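Report on the structure given below.
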Amino acid sequence: MQLADFDASPNLVALFLQRADAFRDQPFLFAKRDGTWHALSWRQAADQVCLLAEALAGMGLAPGDRVMLVADNRPEWCIADLAIMAAGLVTVPAYITNTERDHQHILDNSGARAVIVASAKLAKPLLPAVLRAGSVAHLIAIESFKLPQLGQTDSHDWGRLVSGDAAAARRGVEARIAGIGRTDLACLIYTSGTGGAPRGVMQHHGAILCNVAGAAKIFAEDFAWDQSGRTPEVFLSFLPLSHAYEHSAGQYLPIALGGQIHYSEGLEKLASNIEEVRPTVMVVVPRLFEVLRTRIMKQVEKQGRIARYLMDRALVIASRGRRLTDVPVDLLIGKLLRPKIRQRFGGRVKAMVSGGAPLNPDIGTFFQAMGLTLLQGYGQTESGPIVSCNRPKVGLKMDTVGPPMEGVTVRIAADGEILVQGELVMQGYWRNPEETARTIVDGWLHTGDIGHIDDKGRIVITDRKKDMIVNDKGDNVSPQKVEGMLTLQPEIAQAMVVGDKRPYIAGLIVPDAEWALAWARANGEKYDLAALQDLPAFRSAVREAVDRVNRDLSVIEKVRQFAFADEPFTIENEEMTPSLKIRRHKLKARYGERLDGLYKG
């Protein structure tokens with residue numbers, strides 16, 4: 001397949017069917033059942049997409065009607081998403097961590113006429129919202145489970161809907177999608193949001209296709225992508241498919257590349273899944289890289305003095321650039337250290353792509369030192385979502401997010417805000433013209449991010465415009481930079497800093513549980529994290545970590561005071577988004593009085 005075909009694809013379904021015809025009986029979607037990976041071929045997936053699309057069209061749903069999709073990462077997610085679009089409808093993905101209230105907001109705001117849900121567990125918080133919404137005419141259950149009476153909502157079994165005459169269904173789909181163009185709405189993706197109610201971002205087919213074309217060009221030019229499909233790229237899908245990043249980069253990019261998608265069994269089994277699947281590409285958020293780095297560092301520590309020395313030397317070499325005098329030790333690192341680290345990632349990773357939140361440059365340098373190519377992408381749901389990505393061809397610089405992708409124009413406003421223009425820009429927020437008008441001005445998407453462009457055309461992000469801390473003297477402080485440095489310390493798992501209109505920066509800290517357990521044992525204390533936080537010696541140990549960070553910060557950035565949080569920030573307590581970004585407004589509401597107390601006396 002030539003890259004020009006991406007530009008010619010009128011919609012996402014046409015692109016998929018084209019790839020399915022090219023690869024037919026080759027494996028495409030993989031899921032693990034009873035300890036074994038099972039594959040669905042391109043042809044089988046295409047048959048199910050067309051059959052489900054015709055079933056949806058036969059339910060009386062009108063073109064443009066919205067269909068809510070509530071499922072974990074699995075083959076049926078991909079099939080449902082494509083089938084909804086193939087029926088001329090609009091996918092409304094929802095996070096599986098959503099509460100009943102979250103589901104209610106999305107159903108009410110989107111006016112969804114149908115819902116597809118994976119399991120009884122996911123249906124539990126969903127069904128009360130479906131009953132109250134009143135707009136849902138059809139509910140489709142992927143797994144068989146007992147459903148209550150749903151009033152005017154008809155229930156359907158997935159298995160029946162994806163069986164029948166696939167050839168006839170394909171003819172029906174082809175006739176329908178001939179009228180779907182790149183400007184037609186593909187999906188409504190509700191931003192998880194670090195503040196306020198989620199807004200429905202209107203992504204059209206062309207926005208995602210633009211992203212796919214840009215990313216595929218990078219693979220073709222920088223990573224020797226085999227367009228014949230004889231050696232397909234292997235993706236491990238881990239991030240929620242309801243997130244725009246995974247939706248575009250973890251689903252439609254593999255489709256475009258003719259790749260394979262393996263669906264992870266979850267965070268607790270991610271390490272073993274990586275070793276089994278041996279992916280060539282991983283799409284991950286920074287928080288996971290931070291966790292992986294911590295685990296690798298701890299394992300190296302246990303391997304003794306030589307391993308620790310090699311790790312330290314690798315980091316020095318990566319941070320300053322390889323020099324002639326480094327050749328002997330670099331060869332030793334390449335022989336003794338890097339192969340073991342690479343094997344933990346399956347041994348054939350071409351690139352790990354970080355996105356969804358800012359990546360601390362030290363994390364990027366660490367993985368680069370270990371011989372793994374880590375690329376940082378940049379974007380937001382409103383831009384398809386990918387605006388730019390680091391490229392080996394241009395030169396990897398860990399404090400940048402690379403040059404804009406093909407078809408993307410970026411400029412910097414007078415106040416430093418990054419503005420984006422191109423087919424990737426959303427059509428607006430669903431039923432929210434006021435916010436749309438504030439966000440898209442004269443065709444330019446106002447990202448809310450502050451940054452500049454370096455001498456090689458790479459974007460450098462310095463902060464979020466709305467998150468910027470402005471102290472009582474008018475100095476600007478980037479909270480994300482300080483928080484990232486704090487969480488690199490082994491004693492600190494999570495952190496949030498404050499200081500707007502205040503004389504100095506203060507922090508809210510969640511101690512690392514593994515470190516706290518080791519500290520308790522070493523100091524003869526019972527392991528009870530809440531009780532440990534009351535001990536002056538424990539606090540002093542955490543203070544030492546904060547002081548280490550402060551040595552590398554400017555005067556205005558230094559964390560002068562800190563308080564402990566009562567528990568980790570999680571998706572469940574609504575203090576983190578599903579893409580693992582902290583919700584500042586939630587934390588400030590819960591700990592506001594405690595944080596205010598850091599400025600008294």
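The set of residues from segment 430-445 being in a strand (DSSP E or B) and in contact with a strand residue (DSSP E or B) (Cβ under 6 Å, 6 or more places away or on another chain) comprises Trp444, Leu445.
Of the residues Glu268, Glu301, Glu290, Glu246, only one is without any contact (Cβ under 8 Å) to a residue 12 or more places away in the chain and under 18 Å from the mean Cα position of the chain (by Cα); which?
Values: Glu301 fails: under 18 Å from the mean Cα position of the chain (by Cα); Glu290 fails: without any contact (Cβ under 8 Å) to a residue 12 or more places away in the chain; Glu246 fails: without any contact (Cβ under 8 Å) to a residue 12 or more places away in the chain.
Sole residue among the options that is without any contact (Cβ under 8 Å) to a residue 12 or more places away in the chain and under 18 Å from the mean Cα position of the chain (by Cα): Glu268.
Taking into account only those residues within segment 309-330 that are modelled with pLDDT under 75 and under 32 Å from the mean Cα position of the chain (by Cα), which is surrounded by the fewest Cβ atoms within 10 Å (Cβ to Cβ)?
Within segment 309-330, the subset modelled with pLDDT under 75 is 317-330.
After this cut, where a residue has to be under 32 Å from the mean Cα position of the chain (by Cα) as well, the list is 317-322.
Values: Ile317: 20, Ala318: 20, Ser319: 14, Arg320: 10, Gly321: 7, Arg322: 10.
Taking the candidates together, the pick is Gly321.
Where strands (runs of 3 or more DSSP E) sit wholly within segment 168-263, those with at least 1 residues that are closer than 28 Å to Leu445 by Cα occupy 185-190, 200-204. Filtering Leu508, Leu553, Leu517 for residues that are farther than 24 Å from Gly592 by Cα, in contact (Cβ under 8 Å) with a residue 40 or more places away in the chain and among the aliphatic types (A, V, I, L, M) leaves a single hit, Leu553. The residue pairs whose first member lies in segment 52-74 and is surrounded by fewer than 20 Cβ atoms within 10 Å (Cβ to Cβ), whose second member is modelled with pLDDT under 95, and whose beta carbons are closer than 6 Å, counting only pairs six or more residues apart or on different chains, are Asp72/Ile96.
Would a scan of segment 89-97 turn up a residue that is assigned to a loop (DSSP other than H, G, I, E, B) and hydroxyl-bearing (Ser, Thr, Tyr)? Walk me through it before giving the result.
Start the filter on segment 89-97 by keeping residues that are assigned to a loop (DSSP other than H, G, I, E, B), which leaves 89, 94-97.
Next, only the ones that are hydroxyl-bearing (Ser, Thr, Tyr) stay: 95, 97.
Yes: one or more hits.
Can we say Ile412 is of a type in the set (Val, Ile, Thr) and more than 18 Å from Gly384 (Cβ to Cβ)? It is true that Ile412 is of a type in the set (Val, Ile, Thr) and more than 18 Å from Gly384 (Cβ to Cβ).
Could you tell me how many of the residues in segment 267-289 are part of a loop (DSSP other than H, G, I, E, B) and buried (at least 18 other Cβ atoms within 10 Å of the Cβ)?
From segment 267-289, those part of a loop (DSSP other than H, G, I, E, B) are 278-280, 285; that's our starting set.
Add one more test, that the residue is buried (at least 18 other Cβ atoms within 10 Å of the Cβ), and what stays is 279-280, 285.
Residues meeting the conditions: 3.
Modelled with pLDDT of 95 or more, out of contact with any Gly (no Cβ under 6 Å at 6 or more places or on another chain) and surrounded by fewer than 23 Cβ atoms within 10 Å (Cβ to Cβ): is that true of Asp154 in this structure? No: the conditions fail for Asp154.
Confirm whether Val117 is within 18 Å of Val136 (Cβ to Cβ), touching a helix residue (DSSP H, G or I) at 6+ places or on another chain (Cβ under 7 Å) and buried (at least 24 other Cβ atoms within 10 Å of the Cβ).
Working: within 18 Å of Val136 (Cβ to Cβ): yes; touching a helix residue (DSSP H, G or I) at 6+ places or on another chain (Cβ under 7 Å): yes; buried (at least 24 other Cβ atoms within 10 Å of the Cβ): yes.
Spelling it out, Val117 is indeed within 18 Å of Val136 (Cβ to Cβ), touching a helix residue (DSSP H, G or I) at 6+ places or on another chain (Cβ under 7 Å) and buried (at least 24 other Cβ atoms within 10 Å of the Cβ).
Residue pairs whose Cβ atoms lie under 7 Å apart, sitting 6 or more positions apart in sequence or on different chains, and linking a residue in segment 560-581 that is in the same structural domain as Leu508 (by TED's automatic domain parsing) and under 15 Å from Pro511 (Cα atoms) to a partner that is charged (D, E, K, R) and in a loop (DSSP other than H, G, I, E, B), are Phe569/Glu575. In segment 441-481, the residue that is farthest from Thr381 (Cα to Cα) out of those that are hydrophobic (A, V, I, L, M, F, W, C) and free of Cβ contacts under 8 Å to residues at least 24 places away in the same chain is Met468.
Looking at segment 508-515, can you tell me whether even one residue there is outside the structural domain of Val285 (by TED's automatic domain parsing), within 22 Å of Thr570 (Cα to Cα) and either in contact with a Cys (Cβ under 8 Å, 6 or more places away or on another chain) or exposed (fewer than 13 other Cβ atoms within 10 Å of the Cβ) (or both)? Step through it out loud before you land on a result.
Of segment 508-515, the ones outside the structural domain of Val285 (by TED's automatic domain parsing) are 508-515.
Narrowing the set further to residues that are within 22 Å of Thr570 (Cα to Cα) leaves 508-515.
If we keep only those that are either in contact with a Cys (Cβ under 8 Å, 6 or more places away or on another chain) or exposed (fewer than 13 other Cβ atoms within 10 Å of the Cβ) (or both) as well, we get 513.
Yes: segment 508-515 contains one or more residues that are outside the structural domain of Val285 (by TED's automatic domain parsing), within 22 Å of Thr570 (Cα to Cα) and either in contact with a Cys (Cβ under 8 Å, 6 or more places away or on another chain) or exposed (fewer than 13 other Cβ atoms within 10 Å of the Cβ) (or both).
The residue list Glu557, Glu525 contains one member that is modelled with pLDDT under 95, crowded, with 17+ Cβ neighbours inside 10 Å, out of contact with any Ser or Thr (no Cβ under 7 Å at 6 or more places or on another chain) and acidic (Asp, Glu), which is Glu557. Looking across segment 552-591, the residues that are under 24 Å from Val283 (Cβ atoms) and among the hydrophobic types (A, V, I, L, M, F, W, C) come down to Phe569, Ile571, Met576, Leu580, Ile582.
The set of residues in segment 418-461 that are surrounded by fewer than 18 Cβ atoms within 10 Å (Cβ to Cβ) and either charged (D, E, K, R) or outside the structural domain of Gly379 (by TED's automatic domain parsing) (or both) comprises Arg431, Glu434, Glu435, Arg438, Asp442, Asp454, Asp455, Lys456.
Every residue, every condition in (1) in the same structural domain as Leu12 (by TED's automatic domain parsing); (2) modelled with pLDDT under 95, yes or no:
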{"residue": "Ala167", "(1), (2)": "yes, no"}
{"residue": "Glu174", "(1), (2)": "yes, no"}
{"residue": "Ile180", "(1), (2)": "yes, no"}
{"residue": "Thr191", "(1), (2)": "yes, yes"}
{"residue": "Gly196", "(1), (2)": "yes, yes"}
{"residue": "Arg199", "(1), (2)": "yes, yes"}
{"residue": "Arg230", "(1), (2)": "no, yes"}
{"residue": "Pro254", "(1), (2)": "no, no"}
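The values are calculated or read from the model by the stated rules, or taken from the named source; none is laboratory data. Computed from a predicted structure; not experimentally measured. Reconstructed Cβ throughout: ideal geometry from the backbone, glycine too, with neighbour counts over all protein chains shown.
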